[in-house]
Each structure stands twice: as structure tokens, then as C-alpha cells.
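The structure under discussion appears below in the form of C-alpha cells.
The values are calculated or read from the model by the stated rules, or taken from the named source; none is laboratory data. The structure presented is a predicted model; accordingly, all values stated were derived computationally and were not measured. Cβ placement follows ideal geometry from the backbone for every residue including glycine, while neighbour counts extend to all protein chains displayed. Note: areas computed on protein heavy atoms with side chains; ligands, DNA, RNA excluded. Shrake-Rupley method; radii C 1.70, N 1.55, O 1.52, S 1.80 Å.
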Amino acid sequence: MLAIIGGSGLTQLSCLEISHRQIIRTPYGEPSGPLTFGKIRDRDIVFLARHGHGHTIPPHAINYRANLWALHSLQPSHVIAVASVGGIHADLAPGRLVVPDQIIDYTYGREFTYFGDKDQRVRHIDFTLPYSQITRVLLLQAAELAQEAVVKGGVYAATQGPRLETAAEINRLERDGADMVGMTGMPETALARELGLNYATIAVVANHAAGRGTNVTAIPLKEIYAVLEKAMVGVRTILEHVVSCHGD
Ligand code: HPA
């Protein structure tokens, strides 16, 4: 089974033939919503809307631990996370799709680990390459098959939100090596690794980051949803091809 986490602009998957929905309770509380089960091209899919079905949960209030735990309980072969980002690198204009290969964490105050219990043996994870390489390759192959252009790597900066960044913050993120900025990549990516999931992200550039491109004095928030809606057509096509590429 393939698991898909939908972000802003992807609260449902129109290509999914839904069979049922299921509420899953976890030791960490409830996920963002019921899991939606169904098929794409005859393959089993489970879908979870990260911000809730009605897009009501802000990035810092998402129960990332419950979300990943619930998906892990189904033993998916891959978890594909869809996330919207602001483009910092000049190549990352609104509408572009990126499969990041690195991440930097600027978030705070979120429940970020399954390994924090005081009476548990101390556990660490290797996080040198934060995304699953096999899941990234699957996404890149699917994009090629679908003839959808994707940028094959980049550094994702995970910020706290829900506000967007200042221009100076974006300059700092760029100096740190970031190519794109989003609010949900962490702790989601690290929790996926703690659970041993094959997890990768397809990022959709919704806007130039603060101070970049045409957004010198402000980010036109009203335009973001139109950009996302258009770009999600490409994401859905890629997801359909992921299903064809992957063997389960
Ligand atoms: N900053 C942070 N997160 C985002 C942005 C942004 O500019 N655009 C979409 N998600």
C-alpha cells in the first residue's frame, strides 16, 4: 500500500476511487482526520490530509506523531508527502515542483520525537540523508514517465509559521543553504525516519519567498491558491504514475 499525505491545495485526491474512511486512534492522540482508503489504477492507497479535511489545522498544531503513527500501522511501502513551499532559489518560481533531498529544521515547540520518554533507553536515528532515496527515485521516475518537469533536489527550510517570513529571514535561510521554505517538513520527516518509513516529499512552489522575485514588499496571498490548484494537476499526474511504477 502507498500512503500519501496531502498538504495545502491537496486536501482530497480526485483520482482516488474511495472505498472507505477510518478513524485511527494512536498512543499520541488522533491524526489530522480519518484516513481515506481507496485505489488509484487498481493499487491500494491510503490518503491523509495533513491540515484536516477542511484545512483547519495550522502547521504548528498538526499532530505529526499521530499522523505518522497511524500511517505506519498500515505498513505502507512508501509515504509520499505533498507540501507547498515558498521558492528561495531563483529557479524555484511559483508552480514548479521539487523533490528536496535535504532539510533544515527551524521549528520549535512541536512534539518532534517518539524517543523522548525518560524511562526509555536513549535512541538516535541517522538523518544524514533525511529523505528515503528509494522513494525519491520513485517520484523522479514517475515524474519522468508522466513528462512532468521536477527539480531533482534542493534544501527545504522548515519554519514555524503560521506567519510567512520576513525578507531578512529569507536572506538568512539562503545563507544557510536553503532553496525553499515551508512550515510542515519538520518534524514530519524525522518522525518518518524514527519509524523506519520510506518517506519523501514532493514540494509545490506556491510563491516566491518573502523579498524574492516580484514579492519585494509583500507576498500576494490571494494568488497562492490559484497557483497551487494549477500545480496540483501535475502532482496528481505524478502520483498516478508513482502507482504504476511501484511494485505492490
Ligand atoms: N513560507 C513558508 N511556507 C510556505 C511559503 C512561504 O513563503 N509558501 C508556502 N508555504
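Per residue, the chain exposes an accessible area of 47 Å² to a 1.4 Å probe, with every protein chain left in place. About its Cα centre, the dipole of region 1-140 is roughly 180 debye, where the only charges are +1 on Lys and Arg Cβ and -1 on Asp and Glu Cβ.
Rg/Rh for region 73-187 (Cα atoms only, Rh after Kirkwood) is 1.00. When 23, 238 are compared by accessible area at a 1.4 angstrom probe, the order from most to least is 23, 238. Look at the alpha carbon pairs under 8 Å that are at least 6 residues apart: their mean separation over the length of region 2-245 gives a relative contact order of 27 percent. From most to least packed by mean Cβ count within 10 Å, the peptides 182-188, 90-96 give 182-188, 90-96.
Ranked by the mean number of other Cβ atoms within 10 Å of their residues, highest first, the peptides 38-44, 136-142 come out as 136-142, 38-44. Charge dipole of the chain (Cα centre as origin; +1 on each Lys and Arg Cβ, -1 on each Asp and Glu Cβ, all else neutral): 280 debye, rounded to the nearest 20.
Heavy atoms only, 1.4 Å probe, whole protein assembly: order 152, 118, 230 by accessible area, highest first. Can you show the working numbers first?
On the way: 152 140, 118 195, 230 165 Å².
So, going from the largest accessible area down, we get 118, 230, 152.
Stokes-Einstein at 37 °C, 0.692 mPa s, Kirkwood radius from Cα pairs: D for region 2-245 in µm² s⁻¹?
On the way: Rh = 18.0 Å.
So the translational diffusion coefficient is about 183 µm²/s.
For the chain, with all protein chains present and a 1.4 Å probe, just round the carbon and sulfur fraction of the accessible area to a whole percent. Walk me through the numbers before you get to the answer.
Numbers: 5860 of 11570 Å².
Whole-percent figure for carbon plus sulfur exposure: 51.
Near residue 63, once Lys and Arg are set to +1 and Asp and Glu to -1 for all other residues with Cβ below 9 Å from its Cβ, the sum equals -1. Dividing the C-alpha radius of gyration of region 140-248 by 2.2 N^0.38 Å, with N its residue count, gives 1.20.
Distance from the Cα centroid of region 109-185 to that of region 1-62 is 20 Å (rounded to whole angstrom).
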